[in-house]
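Working notes, structure below.
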Amino acid sequence: MILFRTANVPIGPEAEARGTALVFQSLGGGGNVLISAIGLPDPQTLGGERYVAWIRGTPSSQTVPVQLLQTGPVVTEPGVWVGAFVFGQGEQIAPFQDVIVTAEGQLPFIQPSLNRIALIGLFNQCRPQ
């Protein structure tokens, strides 16, 4: 699933913000979602302290927060932000509505700050295999 930059994120001279979400769900339920992003500005640019990916509109109508952590930069490339959500046997996460990445403040993460969305990807635009 491709995550696209929103208008909240200024276009930088180094790289444009983008990301992916890899969703794996077994037939019996259980699986994981791996989220990665690159080219994001410092979260303070959007009024936050950290980036959080939100899996919204799950079959059980949940919104699941996944804190993203930044890796170190490689040569001159910006760092990559990554996070993962693992769900257990019998649980189902897909199909869901979308994944958004927002700049958030302090814990706990209760609901996304919709005025700080950096990336968005719609589940119905991905190609399940």
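None of the figures in this text is laboratory data; all of them are computed from the coordinates on show. Note that the structure is a prediction, hence the values are computed from the model and not measured. All Cβ positions, even for glycine, are placed from backbone atoms using ideal geometry, and neighbour counts span all protein chains on display.
Starting from the Cα of I2, step 7 Å toward the Cβ, then list every residue of the stretch 104-126 with an amide N under 11 Å from that point. 126, by backbone N distance to the label point. Between D42 and N124, what is the FRET efficiency for a Förster distance of 35 Å, r being their Cβ-Cβ separation, to the nearest 0.05? Efficiency, from the Cβ-Cβ distance: 0.65.
Structural descriptor for the stretch 40-129: relative contact order 32 percent, calculated from alpha carbon pairs under 8 angstrom and at least 6 residues apart. Ratio of Rg to Rh for the chain: 0.97 [Cα atoms; Kirkwood radius as inverse mean 1/r over pairs].
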